[in-house]
Amino acid sequence: DQVGAVTYRRPTHVRQPTETSCAQACIAMITGVDVNELVKRMKPGPKSGTRGAAIVRELRDHGVRCGDRFESLRGKPFPEVAIVRIVHPNRRGHVVVKHERTWFDPMLEGPFDGDPPRGAVTPWAGGSRITSALWISDGMP
C-alpha cells in the first residue's frame with residue numbers, strides 16, 4: 001500500500017497469547033516476529049502489561065521507525081499507521097494496531113474497518129476510550 005511516498009505492508013492479525021501480551025501481539029503484527037518469542041523476551045507483567053518505552057525500544061530494534069512515545073490524540077486526527085492505546089472503564093490499558101482504516105485488535109478474532117468515534121468505541125466495551133498513539137512514521141519492514 002502507498003501512503004504518501006512511503007510503502008507500508010499491511011499487518012498480519014495476531015492474537016495475544018496471554019491476558020497482558022497485547023503489546024507483544026501488536027509488535028508481532030508490525031514486525032512479523034513470532035509473538036511467543038516477543039513475550040518470552042519482553043516478559044509483560046501479569047497485571048501491568050508492557051510500558052510504552054519498551055514498545056518503542058522493541059520496534060526500533062526491529063528496524064521500525066516510530067515516535068519516541070505515545071502521544072495524546074486530543075484534537076488530532078488518527079494517524080495512518082500506529083499502535084493505539086485504549087483505556088477501558090476498569091482503568092486497564094490495551095493496545096491495538098491501526099493501519100489506514102483497518103484496526104487490528106489482538107483480543108479479537110480478526111481486523112475490522114472504519115474509524116471509530118472518540119469516546120465510547122465499538123467493538124470495545126462501552127466507556128472505553130482511545131487515549132493516545134505511537135506513530136509508526138516510516139513504514140514497516
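The values are calculated or read from the model by the stated rules, or taken from the named source; none is laboratory data. Note that the coordinates shown come from a computational prediction; the quantities given were computed from them, not determined experimentally. For neighbour counting, all protein chains shown are included, and Cβ atoms are generated from backbone atoms with ideal geometry for every residue, glycine included. Accessible surface is based on the protein model in full, side chains and every heavy atom, while ligands, DNA and RNA are left aside. Shrake-Rupley method; radii C 1.70, N 1.55, O 1.52, S 1.80 Å.
Looking at segment 26-41, is at least one residue at positive phi and exposed (fewer than 13 other Cβ atoms within 10 Å of the Cβ)?
Filtering segment 26-41 down to residues at positive phi leaves 32.
Now drop any that are not exposed (fewer than 13 other Cβ atoms within 10 Å of the Cβ), which leaves none.
Within segment 26-41 (the criterion being at positive phi and exposed (fewer than 13 other Cβ atoms within 10 Å of the Cβ)), the answer is no, since none of the residues qualifies.
Which residue pairs have Cβ atoms under 9 Å apart, sit 6 or more places apart or on different chains, and have a first residue in segment 51-66 that is surrounded by 14 or more Cβ atoms within 10 Å (Cβ to Cβ) and a second that is of a type in the set (Phe, Trp, Tyr)?
Gly52/Phe70; Ile55/Phe70; Val56/Phe70; Cys66/Trp135
Report whether or not His88 is modelled with pLDDT of 90 or more and either among the polar types (S, T, N, Q) or closer than 20 Å to Ser132 by Cβ (or both). Show your work before the answer.
Details: modelled with pLDDT of 90 or more: no; either among the polar types (S, T, N, Q) or closer than 20 Å to Ser132 by Cβ (or both): yes.
Spelling it out, it is not the case that His88 is modelled with pLDDT of 90 or more and either among the polar types (S, T, N, Q) or closer than 20 Å to Ser132 by Cβ (or both).
Any idea which of (1) open to solvent by less than 70 Å² (accessible area, probe 1.4 Å); (2) within 14 Å of Val96 (Cβ to Cβ); (3) part of a loop (DSSP other than H, G, I, E, B) is the one Arg15 doesn't satisfy?
Looking at each condition in turn, Arg15 falls short on (1).
State which residue is nearest to Thr20 (Cα to Cα) when the search covers only segment 105-141 and only residues that are at pLDDT below 85 and polar (S, T, N, Q).
Residue satisfying both the conditions and the ranking: Ser128.
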